[in-house]
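A short worksheet on the structure shown next.
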Ligand SMILES: [Zn+2]
């Protein structure tokens, strides 16, 4: 799922194209994309774009008259930009086309599962009410960050990806942040001391800052964020199971869940301990290695 760095760059790129332009026509090619009935979607046509914003992992197009188009990309949703007059791609992946004076924004979703959504909200209050409430870790103060982290006692991996606590962080960047903080993903949040919280916040900011800069530079080069993916070769651990950690060269480990996995480096993050993967450890029972050094021996 596109996270804060990807969404930030989408927002900046889109703002550069459409701010002040008029949304002339909205073509909904998949009627299930739109999840709201009021106000009627036709009211957006002919309105000027007043702003483009990020709300968690969503892109918001603000139109004059306090109308907000909220685009939730989920996992496979993507945004493409077409020059005026260019034809949008045919096929079921194209869900909607927003035609502006200067070009068109195309909302696509790969695959057959339809999860991406569009909401039309009226009034800033309605937009605020749709916000899960997570804070922006780039700008929050330390005390608020620590309080949110300690509010419930969960694994730090789960808390970082909870949109009610922190805005725009998902599976990919939380893996990178925890690696950067040299912290186990299964550390319980109420066990974190002040120094660890400080280190974690610093790591989160470093990872988000570095990636936003990198994606911004890529988008500038291509005039649009053309390659939005959760898997990038420059990542340290995310999506890199079995590949060498860039810090210590030990093979990256994983904890597998039903639909995704957490990646970490045992040497950098858990003192060499391999975290129990429920599926794998049940399967392997006694032969399950406990320490990364046993992997080589086994
Ligand atoms: Zn490492």
Query raised in the report: For the pair residue 143 and residue 110, what calculated FRET efficiency results from E = 1/(1 + (r/R0)^6), where r is the Cβ-Cβ distance and R0 = 25 Å, to the nearest 0.05?
Result: 0.05
Report task. For residue 153 paired with residue 82, estimate the spin-label separation in nm (one decimal), with each label point 7 Å from Cα along the Cα-to-Cβ line. Result -> 5.5
Query raised in the report: Using helices alone, what [θ] at 222 nm do you get for the chain, with -39,500 (n - 2.57) per DSSP H run of 4 or more residues, divided over all residues and rounded to the nearest 500?
Result: -9000 deg cm²/dmol
Report summary line: Going fewest to most other Cβ atoms within 10 Å around each Cβ, 221, 119, 238, 291 line up as 221, 291, 119, 238
Query raised in the report: Stretched out fully, how many nm does the piece from residue 16 to residue 195 gain, at 0.36 nm a residue minus the Cα gap?
Result: 60.4 nm
Query raised in the report: Between residue 248 and residue 64, what length in nm is gained on full extension when 0.36 nm per residue of separation is reduced by their alpha carbon distance?
Result: 61.0 nm
Query raised in the report: Helix 171-180 sits at what angle to the longest principal axis of the chain, using alpha carbons and giving 0 to 90 degrees rounded to 10?
Result: 50
Query raised in the report: Going by alpha carbons, how many degrees (0 to 90, nearest 10) lie between the helix axis of 194-222 and the longest principal axis of the chain?
Result: 50
Query raised in the report: What whole number of Å gives the distance from the Cα centroid of region 1-74 to the Cα centroid of region 155-175?
Result: 24
Query - Rounded to 10°, Cα long-axis angle of helix 4-18 versus longest principal axis of the chain - result: 20
Query raised in the report: Over the chain, what is the mean sequence separation of C-alpha contacts under 8 Å (at least six apart), divided by residue count, expressed as relative contact order in percent?
Result: 16
**Report entry** For the chain, projected area of the alpha-carbon convex hull averaged over all directions, nm²
**Finding:** 16.9
Requested in this report: Find, to one decimal place in angstroms, the Kirkwood hydrodynamic radius of region 122-180, where the mean of 1/r is taken over every pair of different Cα atoms and then inverted.
Outcome: 12.3
**Report entry** Mean separation of Cα contacts under 8 Å, 6 or more apart, over the residue count of region 153-289: relative contact order %
**Finding:** 21
Query raised in the report: When a footprinting reagent is the concern and you count Cβ atoms within 10 Å, what order do 106, 43 take, fewest first?
Result: 43, 106
Query raised in the report: For region 117-153, list residues with backbone N below 20 Å from a point placed 7 Å from the Cα of residue 259 toward its Cβ?
Result: 117-119, 131-134
**Report entry** Evaluated over region 1-150, the Cα radius of gyration and Dmax, each in Å
**Finding:** 15.8, 53
Query - Alpha-carbon radius of gyration plus Dmax, which is the widest Cα pair, for region 207-246 in Å - result: 11.6, 34
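Coordinate-derived values only; no laboratory data. The model shown is predicted, which means the values in this text are computed figures rather than measured ones. Neighbour counts are summed over all protein chains in view; Cβ atoms, including those assigned to glycine, are modelled from backbone coordinates with ideal geometry.
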